[in-house]
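Let me begin by presenting the structure, written as structure tokens, before commenting on it.
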Amino acid sequence: MREIEASKITQEVARLCMEANFELEDDVQKALEKARGTEESPAGKEVLRQIIENSGIARSERMPMCQDTGLAVIFAEVGQEAHITGGDFEDAINDGVRKGYTDGYLRKSVLADPVRGGNTGDNTPAVIHTTIVPGDKLKLWVVPKGGGSCLLYTSPSPRDRTRSRMPSSA
């Protein structure tokens, strides 16, 4: 049985929250650059130029690419031979979201109650999807989900996506 410290999960989730908001995946960056090269519309070329420039600024200045830094959706693959020590798994994830959104100066927009309102002030609780898998590893993905149409579908498994945001193994 492999032991994984809850504090390590907190640190990793905090890092991933910031990274997911500051950096585009390389394949996305390349696709944007390719699209700009083939775009025929001058307005379309300019929009793509601005998106590419914005992503570079976000990466180098460690700033969010978008003001809507989203609801933290966490996907976790937990090996059945892994044991979380030193704290609760969900608390460790929410502590990481809290730390990542605070240290990264990310917008905190989660409501305590969708009817009565009231911002939680720390972007928790996160939406956590957990899958138990063979082995002794823990893999985490952070997917910030903005308030737009992307909230309509959140897959229950990272396997349903061809690429997952910033996988991390502990």
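The values are calculated or read from the model by the stated rules, or taken from the named source; none is laboratory data. Predicted, not measured: the structure shown is a model, and the values here were computed from it. Backbone-built Cβ (ideal geometry, glycine too); neighbour counts: all protein chains shown. Note: areas computed on protein heavy atoms with side chains; ligands, DNA, RNA excluded. Shrake-Rupley method; radii C 1.70, N 1.55, O 1.52, S 1.80 Å.
Things worth noting here:
- Residue that is most open to solvent (accessible area, probe 1.4 Å), among those in region 96-115 that are among the small types (Gly, Ala, Ser) and within 15 Å of the chain's Cα centre (by Cα): Ser109
Listed here are the residues, each with its yes/no results for (1) within 20 Å of Ala20 (Cα to Cα); (2) among the hydroxyl-bearing types (Ser, Thr, Tyr); (3) touching a Cys at 6+ places or on another chain (Cβ under 9 Å).
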site	(1), (2), (3)
Gly96	yes, no, yes
Gly118	no, no, no
His129	yes, no, no
Pro134	no, no, no
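- Answer residue from region 71-95, given it is within 13 Å of the chain's Cα centre (by Cα) and touching a residue at least 40 places away in the same chain (Cβ under 8 Å) and is farthest from Ile9 (Cα to Cα) among those: Leu71
Every residue, every condition in (1) under 15 Å from the mean Cα position of the chain (by Cα); (2) of a type in the set (Gly, Ala, Ser); (3) closer than 30 Å to Asp88 by Cβ, yes or no:
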{"residue": "Arg2", "(1), (2), (3)": "no, no, yes"}
{"residue": "Glu5", "(1), (2), (3)": "no, no, yes"}
{"residue": "Glu19", "(1), (2), (3)": "yes, no, yes"}
{"residue": "Phe22", "(1), (2), (3)": "yes, no, yes"}
{"residue": "Asp27", "(1), (2), (3)": "no, no, no"}
{"residue": "Lys30", "(1), (2), (3)": "no, no, no"}
{"residue": "Lys34", "(1), (2), (3)": "no, no, no"}
{"residue": "Gly44", "(1), (2), (3)": "no, yes, no"}
{"residue": "Arg49", "(1), (2), (3)": "no, no, no"}
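- Members of region 116-127 that are under 15 Å from Gly70 (Cα atoms) and either open to solvent by less than 40 Å² (accessible area, probe 1.4 Å) or assigned to a loop (DSSP other than H, G, I, E, B) (or both): Thr120, Gly121, Asp122, Asn123, Thr124, Pro125, Ala126
- Criterion (modelled with pLDDT of 95 or more and among the polar types (S, T, N, Q)) met by exactly one of Gln80, Gln67: Gln80
- Qualifying residue in region 128-150 (condition: modelled with pLDDT under 85, surrounded by fewer than 13 Cβ atoms within 10 Å (Cβ to Cβ) and either among the β-branched types (Val, Ile, Thr) or in contact with a strand residue (DSSP E or B) (Cβ under 7 Å, 6 or more places away or on another chain) (or both)): no
- The set of residues in region 54-63 being open to solvent by 20 Å² or more (accessible area, probe 1.4 Å) and either assigned to a helix (DSSP H, G or I) or among the basic types (Lys, Arg) (or both) consists of Asn54, Gly56, Ile57, Arg59, Ser60, Glu61, Arg62.
- For Gln67, the test of being surrounded by fewer than 19 Cβ atoms within 10 Å (Cβ to Cβ) and in contact with a strand residue (DSSP E or B) (Cβ under 6 Å, 6 or more places away or on another chain) is failed.
- Restricting Ala76, Ala31, Ala35 to residues that are open to solvent by less than 70 Å² (accessible area, probe 1.4 Å), small (Gly, Ala, Ser) and within 16 Å of Lys139 (Cα to Cα) narrows the list to Ala76.
- Glu3 passes every criterion in (1) touching a residue at least 12 places away in the same chain (Cβ under 8 Å); (2) in a helix (DSSP H, G or I) apart from (2).
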